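Trainee: Let me begin by handing over the structure; questions about it come next.
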Amino acid sequence: MRSDHHVQHDQQTLADCVLQKTGVDVARCYQCGKCSAGCPLAVDMDFPPSQIMHLLQLSDFPEFTELALRSHTIWLCLTCQICYARCPMELDIPKLMDALRAESLRLQKVNPKARDILAFHRAFLDSIRYTGRLFEMGQVVDYKIRSRHFLQDLLQAPGMFFKGKLHFLPERIRGRSLLGRMFTRTLKVKEKRP
Ligand code: SF4
Ligand code: SF4
C-alpha cells in the first residue's frame, strides 16, 4: 500500500483511493467472511462484500480494479450496516461501497444492470433538490422517463392515489434556495475533485 496520498489519483490503486476517501484500509481484512454471511443481499450480488474487499486488496492489478468498479454489488448495497457491525476489524464497508459508487460513476464504469437504480437515485435527489421533500408523483414520472419503464407498476397508481400516497402537487419547504445552494456547492466540490 502506498503511503503518499498526494500522488496523482490515476496513479493510485483503488485501495489507496478508498483509504484516502474513507479511511477504510482494506489490507486489514483477513477474509473471515462474516460480512458476507450477514449481508441480506449477498445472494443477489455478483461479489459478496468480502470478495469486494479481496478485489480491492488485489487492486494493483487493473483487471481486479475493473471487476470491483463494474460490479453490480456496489449498487445493490443498502447501507444497512450489518457487515460493519459484524466485522471483527471494524471495517466500514458501507462507506467503502459509497466511495466505489462515486468512482464507478466518475470513471463511467457503472454496471448496466444498475442503470435503473441510478435512475431512481437521481429522481429521488432531484425531488429533494427542487421541493425540499420527496414528491412521489414527480419522482415516479422522473424515474420512468430516465429508466424508460413507462408501464411498469402502472396499475398500482390508482390504489396509491386513493389511499392518499400520491399527490399531484408537491409540498415545498421554506428555504429552498438554501437547499439549492447546498446542492450547487456539493456539485462544484465534486467537479474539482481529480
Ligand atoms: S468481516 Fe471484515 S475482516 Fe471479515 S471478511 Fe468481511 S471485511 Fe474482511
Ligand atoms: S451495508 Fe451493504 S454490503 Fe453491508 S450488509 Fe448491508 S447490504 Fe450488505
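Trainee: So, in segment 31-52, exactly how many residues are near ligand 2 (Cβ under 10 Å from one of its atoms), over 16 Å from residue 98 (Cα atoms) and polar (S, T, N, Q)?
Mentor: Number satisfying all stated conditions: 1.
Trainee: Further question on the same structure: Being exposed (fewer than 11 other Cβ atoms within 10 Å of the Cβ), without any contact (Cβ under 8 Å) to a residue 24 or more places away in the chain and closer than 15 Å to residue 131 by Cβ is the filter here; which residues of segment 141-171 pass it?
Mentor: 169, the sole residue that qualifies.
Trainee: Scan segment 12-26 for residues that are part of a loop (DSSP other than H, G, I, E, B) and either of a type in the set (A, V, I, L, M, F, W, C) or more than 20 Å from residue 189 (Cα to Cα) (or both) and report the count.
Mentor: So the count comes out to 4.
Trainee: All but one of (1) within 16 Å of the chain's Cα centre (by Cα); (2) assigned to a loop (DSSP other than H, G, I, E, B); (3) surrounded by fewer than 17 Cβ atoms within 10 Å (Cβ to Cβ) hold for residue 115; state the number of the condition that does not hold.
Mentor: With (1) within 16 Å of the chain's Cα centre (by Cα); (2) assigned to a loop (DSSP other than H, G, I, E, B); (3) surrounded by fewer than 17 Cβ atoms within 10 Å (Cβ to Cβ) applied to residue 115, the lone miss is (2).
Trainee: Here's a follow-up. Looking at segment 44-57, I want the residues that are outside any helix (DSSP H, G or I) and have a partner that is within 9 Å of ligand 2 (Cβ to nearest atom) with Cβ atoms under 7 Å, at least 6 apart or on another chain. Which pairs are those?
Mentor: From segment 44-57, the pairs are 45/73; 45/76; 46/73; 47/73; 48/36; 48/39; 48/42.
Trainee: Here is a further query. Please go through segment 44-79 and give me each residue that is of a type in the set (D, E, K, R) and surrounded by 21 or more Cβ atoms within 10 Å (Cβ to Cβ), ordered by number.
Mentor: Matches in segment 44-79: none.
Trainee: Considering only residues that are in contact with a Ser or Thr (Cβ under 6 Å, 6 or more places away or on another chain) and modelled with pLDDT of 85 or more, which ones fall in segment 118-139?
Mentor: Step one: list which residues in segment 118-139 are in contact with a Ser or Thr (Cβ under 6 Å, 6 or more places away or on another chain), which gives 119, 134-135, 138-139.
The one that is in contact with a Ser or Thr (Cβ under 6 Å, 6 or more places away or on another chain) and modelled with pLDDT of 85 or more: 119.
Trainee: Name the residue that is farthest from residue 183 (Cα to Cα), counting only residues in segment 124-154 that are among the polar types (S, T, N, Q) and outside any loop (DSSP other than H, G, I, E, B). Talk me through it step by step, then tell me what you get.
Mentor: Going through segment 124-154, the residues among the polar types (S, T, N, Q) turn out to be 127, 131, 139, 147, 152.
Those still in the list that are outside any loop (DSSP other than H, G, I, E, B) too: 127, 131, 139, 147.
On the way: 127: 12, 131: 12, 139: 17, 147: 23 Å.
Per the criteria, the residue is 147.
Trainee: Scan 70, 28, 86, 101 and give me the residue that is near ligand 2 (Cβ under 9 Å from one of its atoms), charged (D, E, K, R) and touching a residue at least 24 places away in the same chain (Cβ under 8 Å). Quick ask: steps written out before the conclusion?
Mentor: Details: 70 fails: near ligand 2 (Cβ under 9 Å from one of its atoms); 28 fails: near ligand 2 (Cβ under 9 Å from one of its atoms); 101 fails: near ligand 2 (Cβ under 9 Å from one of its atoms).
86 is the lone residue from the list that is near ligand 2 (Cβ under 9 Å from one of its atoms), charged (D, E, K, R) and touching a residue at least 24 places away in the same chain (Cβ under 8 Å).
The values are calculated or read from the model by the stated rules, or taken from the named source; none is laboratory data. In this text, all values refer to a predicted model and were calculated from it rather than measured experimentally. Every residue, glycine as well, gets a Cβ built from its backbone with ideal geometry; the counts of neighbours run over all protein chains shown.
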